[in-house]
Amino acid sequence: MASPRELTTPATLTEESVRRYREDGFVHVPRLLSPEEVSVYRAAAESILERDMEVWAGGDDGAAVEVNYTTQVWRKDETLRRLALHPALTGIAGRLAGVPLRLYSSEVLVKEPEGAPPTLLHDDEAGLPMDGLEQTLTAWIALVDVPVERGCLSYIPGSHLRADSERLRHMTSFEQFREPDEVWPDFPWRPRVTVPLRAGDVAFHHCRTLHWAGGNETDARRVGHGVIYMDAGTTYLPGVMDEYLAHMEPGQPLDDAELFPIVTS
């Protein structure tokens with residue numbers, strides 16, 4: 001049995017974990033970061049939230065706040081840049097995807113204590129202003145303990161493998177969002193898996209995997225860092241939240257080495 005202090009690395013990640021990720025569309029990787037690393041990255045996350053925090057409001061009236069966040073933190077903070085480019089994180093992402101990857105974005109995500117509501121069920125593909133997302137994936141890094149009551153993520157196993165006709169493939173406005181059961185007839189009968197995380201654990205999921213997060217019913221803040229690694233050949237497809245890409249031409253590769261660095265080859 002592995003020591004509690006032993007970290008998971010690209011070399012020690014099991015083939016069973018890779019298989020589960022490719023079949024289920026998500027996998028829990030324990031102990032990717034040491035407690036010392038978690039402390040450093042959490043402090044950086046808390047600091048950037050104080051300087052630059054946005055609020056995502058759910059519902060048409062904006063009354064129900066789902067999550068507080070800061071976008072593109074890897075470009076705004078050197079410590080969080082190191083986290084997004086952490087060799088264990090990128091190496092494991094590369095093993096799971098099995099293709100060359102670039103860093104697309106990273107954000108700090110927060111659920112405030114005692115009442116932050118759930119995050120809606122969705123997949124990431126429809127909200128990404130990109131084309132060519134066959135193996136694009138998100139690494140959700142827990143910077144605090146995230147038990148079920150604090151708003152951990154849940155997933156629909158195998159949902160990344162559903163047919164094109166059963167997915168909301170792309171949005172150019174949030175008004176186009178549709179609930180999964182509107183486009184995937186089998187959705188109501190699919191199992192759900194909830195994945196609580198300890199600080200330093202990471203949950204990876206494919207961009208087409210349906211997932212959501214519960215509300216935060218505890219007295220402590222939920223803090224995580226979400227990093228998106230995209231297929232190296234991804235191109236720009238005008239969509240939602242693409243203001244910083246809008247100067248590009250549709251179909252133009254996202255291959256700027258400074259803005260979208262290669263992380264695995």
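Of the GluC sites (Glu not before Pro) found in the stretch 72-140, the ones in coil according to DSSP and having at most 14 other Cβ atoms within 10 Å of their Cβ are Glu114, Glu134. Normalised by the number of residues in the stretch 134-225, the average gap of Cα pairs under 8 Å and 6 or more apart makes the relative contact order 57 percent.
Among Arg190, Arg42, Arg221, the residue with the largest mean-square fluctuation in a Gaussian network model of the chain, with springs joining Cα atoms closer than 10 Å, is Arg190. Between Ala220, Ala203, Ala139, the GNM of the chain built on Cα springs shorter than 10 angstrom shows Ala220 fluctuating the most. Over all projection directions, the Cα-based convex hull of the chain averages an area of 14.0 nm².
A simple count of charges around Glu114, restricted to other residues whose Cβ falls under 9 Å of its Cβ and scoring Lys, Arg +1 and Asp, Glu -1, yields -3.
Entry for the stretch 104-194 at q = 0.12, 0.22 Å⁻¹: log10 I(q)/I(0) = -0.46, -1.38, Debye formula applied to identical alpha-carbon scatterers, no solvent contribution.
In percent, rounded to a whole number, the relative contact order of the stretch 15-248 is 33, using alpha-carbon pairs under 8 Å and six or more apart.
Every read-out reported here was derived from the displayed coordinates using simple, explicitly stated rules and does not represent laboratory data. Small disclaimer: the values here were computed from a predicted structure and weren't measured. When we count neighbours, we look across all protein chains shown, and the Cβ atoms used for this are built from the backbone with ideal geometry, even at glycine.
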